[in-house]
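A short write-up of the structure that comes next.
The values are calculated or read from the model by the stated rules, or taken from the named source; none is laboratory data. Owing to the predicted nature of the structure, the values given are computational and were not obtained by experimental measurement. With ideal geometry, Cβ positions are generated from the backbone for all residues, glycine too; neighbour counts draw on all protein chains shown. The protein model used for the area step is the full one, side chains on, heavy atoms only, and it has no ligands, DNA or RNA in it. Shrake-Rupley method; radii C 1.70, N 1.55, O 1.52, S 1.80 Å.
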Amino acid sequence: MEIQNLLVGALSYLVKFQSTQCPFARGRALLLFEALAEQQDLDPNIQELCCEVNELLAT
């Protein structure tokens, strides 16, 4: 359940950032995607996608 909550939160902030360019939303999305990427029991494909999103948000 924790992973699902992190994923929903991360996606919500990502959508908010994309629609408003709000720096707070960008920072929260980055934080949550980083937390997801560090989860040990996460599917490797999802981990890779989270890392890619982090790279895009960090630029």
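Quick rundown of the values:
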| item | result |
| --- | --- |
| Close pairs from the stretch 1-26: first under 18 Å from residue 41 (Cα atoms), partner open to solvent by less than 90 Å² (accessible area, probe 1.4 Å) and not in a helix (DSSP H, G or I), Cβ under 7 Å, at least 6 apart | 3/39; 3/42 |
| Tally, over the stretch 1-36, of residues that are assigned to a helix (DSSP H, G or I) and surrounded by fewer than 14 Cβ atoms within 10 Å (Cβ to Cβ) | 11 |
| Positions within the stretch 15-52 being β-branched (Val, Ile, Thr) and either modelled with pLDDT under 90 or under 17 Å from residue 4 (Cα atoms) (or both), in sequence order | 15, 46 |
